[in-house]
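Peer 1: I have a structure I would like to understand better, so I am pasting it below and will then ask my questions one at a time.
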Amino acid sequence: MTINEQSAERTTTESVPTRLTGPQRHAFWGSFGGWAMDGFSWTIPGLVLAPTLTALLPAAGVAVTPDNIGWYGQIGAAIFLLGWGCAFIWGPIADRFGRKPAMMASILMYGVFTALAGTATNLWEWNAFRFLAAIGVGGEWAMAGTLLAEVIPEQARARFGGLMHSAAYFGVLTVSAVYLLFGPELGWRGMFFVGGIPALAVFLIRRTTPEPERWQEHTSDRQARSFWQPVVEVLSPPYRARTIGNLLLLVVCVIGLWAGATYVPTAMTNLSADAGYSHDATVHLASLSSMTVAACTILGCFAVPRLAGRLGRRGALAALFGLMIAGTVGAYGVAYPLHSIGLTFVFLPILGLGGASFAVFTIWLPEQYPTRMRATAFALTTTLSRWFAAAGTFLIGFGIHATGSLTIPLTLTAVVFVIGMGLVRLAPETRGKALPA
């Protein structure tokens, strides 16, 4: 059979509608819900960054100015990413004790500490609670992605992986709508309290979500291995090279997307203030900007399975990096220095579509590693990349502080995506290959 015939056969197979069983549906919605609530929680700081730091900076003896808000906001982002990097521990936990208990524990952790961030009386307490919340946030993607990949039928795995990853942006959209409708009344503390709601979902997930049969089949093998053995294997040949490649690609995603998309509400807040809008109008515009990016990222996630099927995993990632370059330069390099709210909204959909780059990894990472180490590999690459990215975001924060503007530092993040387009070959192409046993 020729390559074209094989490709046509794969396309036909993947296009056939797949009816999920009851347990498979529960696994999908459990993973979807957990990841949606993750997006709900991580979006809150970006939405309320300006009012939060306006309230907390004076206690640290720091003047409330746009550049100080940008500087300390980026420090907070770097601390959050450091906490996210610590979430690699969920991988070995899931490979030893199961995907479902690890996923529930990570959700409980980020829900509780997100709510506690609303009780902070100073900047250091706020950052400490955010650090601990990040350890939970970082684990949920890897747990949900691994569980779903192992439960969903092979011919539908990529499609449901893309759908599952869109859940985070439904969470972003939901919390942005909450801020749009109730932000002025809730205030920044109320928004963090609302972020504790995901902790309640653990009880529903515990009752309905199944443990993958693939994982259960390896019981005797798990008991014979040490807790850290999956980590050793992931970092040893023949998996070491692809692990390093995935790490570098995820560093690109995190630095660029964190600096770009996360600062959209702050940029819109600054533009609104410069234009003389009222506080309530500023809150509404900041919410709308975040909702625009999230809605377009959802569309991008829906498109990723088809894009990855046509262009391959590498090609899809490179194409999305190209969109991030266009969106970042347009939003921060053109619209922001022109003080144009309208032009900013023109580029936000491009930024949103490019943000679906993470959905490629939800499909791609499980395809590169066998069951015995799959959760560890997923967690290790998606969390340790945050440590490296923390240094990059800290430099961006320094640039915002030094220049007194978001323009140059955030526009320069486009360079990171240019580098990323050249690095896509570091990970193996897995299009058309079955999930390893």
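Peer 1: Scan Ala261, Ala241, Ala275 and give me the residue that is at pLDDT below 90, out of contact with any Pro (no Cβ under 8 Å at 6 or more places or on another chain) and over 15 Å from Pro66 (Cα atoms).
Peer 2: Just a single option satisfies the conditions, and that option is Ala261.
Peer 1: Just name the residue that is farthest from Ala414 (Cα to Cα) out of those in region 322-339 that are touching a residue at least 12 places away in the same chain (Cβ under 8 Å) and not in a helix (DSSP H, G or I).
Peer 2: Top of the filtered list is His339.
Peer 1: Using the structure shown, decide if Ala102 is within 30 Å of Pro230 (Cα to Cα), among the small types (Gly, Ala, Ser), modelled with pLDDT under 85 and crowded, with 23+ Cβ neighbours inside 10 Å.
Peer 2: So Ala102 fails the test.
Peer 1: State the number of residues belonging to region 117-151 that are in contact with a helix residue (DSSP H, G or I) (Cβ under 6 Å, 6 or more places away or on another chain) and either acidic (Asp, Glu) or not in a helix (DSSP H, G or I) (or both).
Peer 2: 5
Peer 1: So in region 281-303, with the set limited to residues that are over 15 Å from Gly327 (Cβ atoms) and small (Gly, Ala, Ser), which one is farthest from the chain's Cα centre (by Cα)?
Peer 2: Here the answer is Ala281.
Peer 1: Among (1) in a helix (DSSP H, G or I); (2) touching a residue at least 40 places away in the same chain (Cβ under 8 Å); (3) closer than 19 Å to Thr413 by Cα, where does Phe347 come up short?
Peer 2: All conditions are met except number (2).
Peer 1: Continuing with this model, one more query. Filter region 33-56 down to residues that are over 13 Å from the mean Cα position of the chain (by Cα) and hydrophobic (A, V, I, L, M, F, W, C) and give me whichever is surrounded by the most Cβ atoms within 10 Å (Cβ to Cβ).
Peer 2: Leu47
Peer 1: Check whether at least one residue in region 156-163 is part of a loop (DSSP other than H, G, I, E, B) and either buried (at least 20 other Cβ atoms within 10 Å of the Cβ) or in contact (Cβ under 8 Å) with a residue 60 or more places away in the chain (or both), and report yes or no.
Peer 2: Taking region 156-163 as the starting set, the residues that turn out to be part of a loop (DSSP other than H, G, I, E, B) are none.
Checking region 156-163: not a single residue is part of a loop (DSSP other than H, G, I, E, B) and either buried (at least 20 other Cβ atoms within 10 Å of the Cβ) or in contact (Cβ under 8 Å) with a residue 60 or more places away in the chain (or both).
Peer 1: Let me ask something else. Among the numbered conditions (1) at pLDDT 90 or above; (2) within 17 Å of the chain's Cα centre (by Cα); (3) small (Gly, Ala, Ser), tell me where Gly190 comes up short.
Peer 2: (2)
Peer 1: Please pick out the residue among Val293, Val202 that is touching a helix residue (DSSP H, G or I) at 6+ places or on another chain (Cβ under 6 Å), assigned to a helix (DSSP H, G or I) and buried (at least 22 other Cβ atoms within 10 Å of the Cβ).
Peer 2: On the way: Val202 fails: buried (at least 22 other Cβ atoms within 10 Å of the Cβ).
Being touching a helix residue (DSSP H, G or I) at 6+ places or on another chain (Cβ under 6 Å), assigned to a helix (DSSP H, G or I) and buried (at least 22 other Cβ atoms within 10 Å of the Cβ) holds for just one of Val293, Val202, which is Val293.
Peer 1: Now for a different question. For region 179-210, what are the residues that are within 15 Å of Ser41 (Cα to Cα) and in contact with a Phe, Trp or Tyr (Cβ under 9 Å, 6 or more places away or on another chain)?
Peer 2: If the condition is that a residue be within 15 Å of Ser41 (Cα to Cα) and in contact with a Phe, Trp or Tyr (Cβ under 9 Å, 6 or more places away or on another chain), then Gly190, Met191, Phe192, Val194, Gly195, Gly196, Ile197, Pro198, Ala199 are the ones that fit.
Peer 1: Report yes if Cys301 is buried (at least 21 other Cβ atoms within 10 Å of the Cβ), in contact with a His (Cβ under 6 Å, 6 or more places away or on another chain) and under 29 Å from Leu82 (Cα atoms), otherwise no.
Peer 2: yes
Peer 1: Here is a check on your reading of the model: is Trp35 more than 13 Å from Val172 (Cα to Cα) and aromatic (Phe, Trp, Tyr)?
Peer 2: Values: more than 13 Å from Val172 (Cα to Cα): no; aromatic (Phe, Trp, Tyr): yes.
So Trp35 does not fit the description; no.
Peer 1: Can I ask one more? With respect to Ile396, determine if the residue is without any contact (Cβ under 8 Å) to a residue 60 or more places away in the chain, part of a helix (DSSP H, G or I) and under 20 Å from the mean Cα position of the chain (by Cα).
Peer 2: no
Peer 1: Another question, if that's okay. Check Ala390, Ala414 and return the single one that is part of a helix (DSSP H, G or I), under 20 Å from Gly330 (Cα atoms) and either of a type outside the set (A, V, I, L, M, F, W, C) or touching a residue at least 24 places away in the same chain (Cβ under 8 Å) (or both).
Peer 2: From the options Ala390, Ala414, the qualifying one is Ala414.
Peer 1: Sticking with this structure for a sec: Since Thr403 meets every condition but one in (1) out of contact with any Ser or Thr (no Cβ under 9 Å at 6 or more places or on another chain); (2) of a type outside the set (A, V, I, L, M); (3) modelled with pLDDT of 85 or more, which condition does it not meet?
Peer 2: Thr403 satisfies all of (1) out of contact with any Ser or Thr (no Cβ under 9 Å at 6 or more places or on another chain); (2) of a type outside the set (A, V, I, L, M); (3) modelled with pLDDT of 85 or more except (3).
Peer 1: Could you grab me the full set of residues in region 64-109 that are under 30 Å from Phe28 (Cβ atoms) and part of a loop (DSSP other than H, G, I, E, B)? Give the steps one after another, and end with the answer.
Peer 2: Just the residues of region 64-109 that are under 30 Å from Phe28 (Cβ atoms), to begin with: 80-81, 83-109.
Scanning region 64-109 gives a single hit, Gly98.
Peer 1: Give the residue, chosen from Ala78, Ala87, Ala59, that is of a type outside the set (S, T, N, Q) and over 18 Å from the mean Cα position of the chain (by Cα).
Peer 2: From the options Ala78, Ala87, Ala59, the qualifying one is Ala59.
Peer 1: Return the residue satisfying two criteria in turn: it lies in region 226-250 and is farther than 19 Å from Trp84 by Cα and of a type in the set (Ser, Thr, Tyr), and of such residues it is surrounded by the most Cβ atoms within 10 Å (Cβ to Cβ).
Peer 2: Going through the qualifying residues, I end up with Tyr239.
Peer 1: Pairs under 7 Å by beta carbon, first residue under 15 Å from Glu125 (Cα atoms) and hydroxyl-bearing (Ser, Thr, Tyr) in region 65-82, partner part of a helix (DSSP H, G or I) and modelled with pLDDT of 80 or more, six or more apart or different chains?
Peer 2: Tyr72/Leu53; Tyr72/Leu57; Tyr72/Leu123
Peer 1: When region 167-182 is examined, which residues are found to be free of Cβ contacts under 8 Å to residues at least 24 places away in the same chain and either within 13 Å of Met37 (Cβ to Cβ) or of a type outside the set (Phe, Trp, Tyr) (or both)?
Peer 2: Listed by number, the residues that qualify are Val178, Leu181.
The values are calculated or read from the model by the stated rules, or taken from the named source; none is laboratory data. Being a predicted model, the structure only gives us computed values, none of them experimental. Positions of Cβ are generated from backbone atoms using ideal geometry, with glycine treated the same way; all protein chains shown enter the neighbour counts.
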